[in-house]
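Engineer: Take this structure, written in structure tokens, and hold onto it; I'll ask about it next.
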Amino acid sequence: MKPAAFAFHQAQSVGEAVGLLAQLGGEARPIAGGQSLVPAMNLRMATPDALVDISRIPELQGWRKIGDRIHIGAATTQAALLREKDLAEHLPLLMAALPNIGHVQTRSRGTIGGSLVHADPSAEIALVAATLEAELVLRNVSGERRLSTRDFQLGALTTALEPGELLVEIVMPVADAGTRCAFRELARRHGDFALVAVAAQIAGDRLSIAVGGLEEVPRRCDKLIEKLKEANNASAAIDEAIRIELGDVVALSDIHASGSYRQHLAAVLLKDCLLEILP
Amino acid sequence: MKVSCTVNGERVEADVPSRLLLSDFLRHELRLTGTNVGCEMGVCGACTVIVNDEPVRSCLMFAVQADGATVGTIEGLDSDGRLTPIQRAFHERHALQCGFCTPGILMTLAALELRNAMPKTETDVREALSGNICRCTGYQNIVDAVLESAP
């Protein structure tokens, strides 16, 4: 058998899941779709001594609109989200990004929350969450806390989640009518993690744009946004704004792409997205 | 741990270690060796089966997680021993050489068919099958076969 032995617990509620995680201690892991955790276990890079399955907990499934926010259960699969046609109206950027995540077989089980807690630097959902300034709801036996994506994703594969804590909900702002968005990524093969990805959205005159895959965590392009806001003619200022934004970046470099190539790609994809959505 | 599920229409009950992968449960316990195992890390797609009407990689799921589920494998694709239209198109178009990836590809397509989501254009076929790696055919004959069998 590929993975090391572990005890398996099927949780029926969030209360039961966080209770189990507290009781089992630091070497227990929650599992939802397992599309990142099980490969790591098969390679024995991860050897949890217990798994708490949260994939059947009704509270962690589906989405609802409360005021001007969409609340998504952390264990909702990517495939289930893609089937929600109404969600395209409320979260067009997320819906544009979803088909780029893995393949049809991994989206069947892979969840929105699983992608966020795995925190791959290139992950599409983490990029969208950073772009939209999503709020993440974490729960443990003693209560609940809410973190911005900035405070949640601390580095490559590293989050602020503490042992015994479970990501239960992702909260994203509803897109106003007339919101325009763009999502672009380049991967070596379709379905691979992106080398670099860009997500952008403009609602009224409020621009949000971020790059994934460039650094350990998605980079929100605040300097670029500032520069474009100052410019009389935003379209003419794009090149300069991108140059300023990427000026101090030390891009990730690995076997798939060098840092300078990633930096180049980021500039190209940022420009493509801006040209697509700027008025 | 006890697992009880339906595989190809038959009720199955077994007592398995929690770390047993669904792919190994199908192959070693149920002797359904049509589901092939390639990379065992979720990359190649050879082990694709249908769980509750969705295509999944059976190497990225534990057998205990299939408790209560309905599982379909290549052995159950057709019940009366005749090839399905897609299988026939694969045969006629020479869409396989060594055949190792074929069960996974057919199960992916069968799952899409269940949802009326069969790809209709070359681009869509290539995207739908992007999670199934074939090292023999160069994909062209696979794409042709899928397009030919599209209604």
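Engineer: Across region A:227-239, what is the total count of residues that are under 21 Å from A:V250 (Cα atoms) and surrounded by fewer than 19 Cβ atoms within 10 Å (Cβ to Cβ)?
Structural biologist: 1
Engineer: Which count do you get for residues in region A:200-246 that are touching a residue at least 24 places away in the same chain (Cβ under 8 Å), β-branched (V, I, T) and closer than 15 Å to A:L278 by Cβ?
Structural biologist: Residues flagged as touching a residue at least 24 places away in the same chain (Cβ under 8 Å), β-branched (V, I, T) and closer than 15 Å to A:L278 by Cβ within region A:200-246 amount to 4.
Engineer: So which residues in region B:97-106 are within 10 Å of another protein chain (Cβ to nearest Cβ) and in contact with a helix residue (DSSP H, G or I) (Cβ under 6 Å, 6 or more places away or on another chain)?
Structural biologist: Those that are within 10 Å of another protein chain (Cβ to nearest Cβ) and in contact with a helix residue (DSSP H, G or I) (Cβ under 6 Å, 6 or more places away or on another chain): none in region B:97-106.
Engineer: Which of the residues spanning region A:36-49 are over 13 Å from B:F62 (Cβ atoms), in contact with a helix residue (DSSP H, G or I) (Cβ under 6 Å, 6 or more places away or on another chain) and within 10 Å of chain B (Cβ to nearest Cβ)?
Structural biologist: Within region A:36-49, just A:S36 meets the criteria.
Engineer: Among residues belonging to region A:50-104 that are surrounded by fewer than 16 Cβ atoms within 10 Å (Cβ to Cβ) and in contact with a Pro (Cβ under 7 Å, 6 or more places away or on another chain), point out the one that is farthest from the other protein chains (Cβ to nearest Cβ).
Structural biologist: Among residues in region A:50-104 that are surrounded by fewer than 16 Cβ atoms within 10 Å (Cβ to Cβ) and in contact with a Pro (Cβ under 7 Å, 6 or more places away or on another chain), the one farthest from the other protein chains (Cβ to nearest Cβ) is A:D68.
Engineer: Another question, then. I want to confirm something. Restricting to region B:58-80 and keeping residues that are under 17 Å from the mean Cα position of the chain (by Cα) and part of a loop (DSSP other than H, G, I, E, B), which single residue is farthest from the other protein chains (Cβ to nearest Cβ)?
Structural biologist: B:S79
Engineer: Within region A:23-46, work out how many residues are among the hydrophobic types (A, V, I, L, M, F, W, C) and over 26 Å from the mean Cα position of the chain (by Cα).
Structural biologist: 1
Engineer: Looking at (1) in contact with a helix residue (DSSP H, G or I) (Cβ under 6 Å, 6 or more places away or on another chain); (2) surrounded by fewer than 19 Cβ atoms within 10 Å (Cβ to Cβ); (3) at the interface with another protein chain (Cβ under 9 Å from one of its Cβ atoms), which is the one condition that is false for B:T33?
Structural biologist: Among (1) in contact with a helix residue (DSSP H, G or I) (Cβ under 6 Å, 6 or more places away or on another chain); (2) surrounded by fewer than 19 Cβ atoms within 10 Å (Cβ to Cβ); (3) at the interface with another protein chain (Cβ under 9 Å from one of its Cβ atoms), B:T33 violates only (3).
Computed from the coordinates by the stated procedures, all read-outs in this text should not be read as laboratory data. Here the structure is a predicted model, which means the values were calculated and not measured. Note that we place each Cβ from the backbone using ideal geometry, even for glycine, and neighbour counts take in every protein chain shown.
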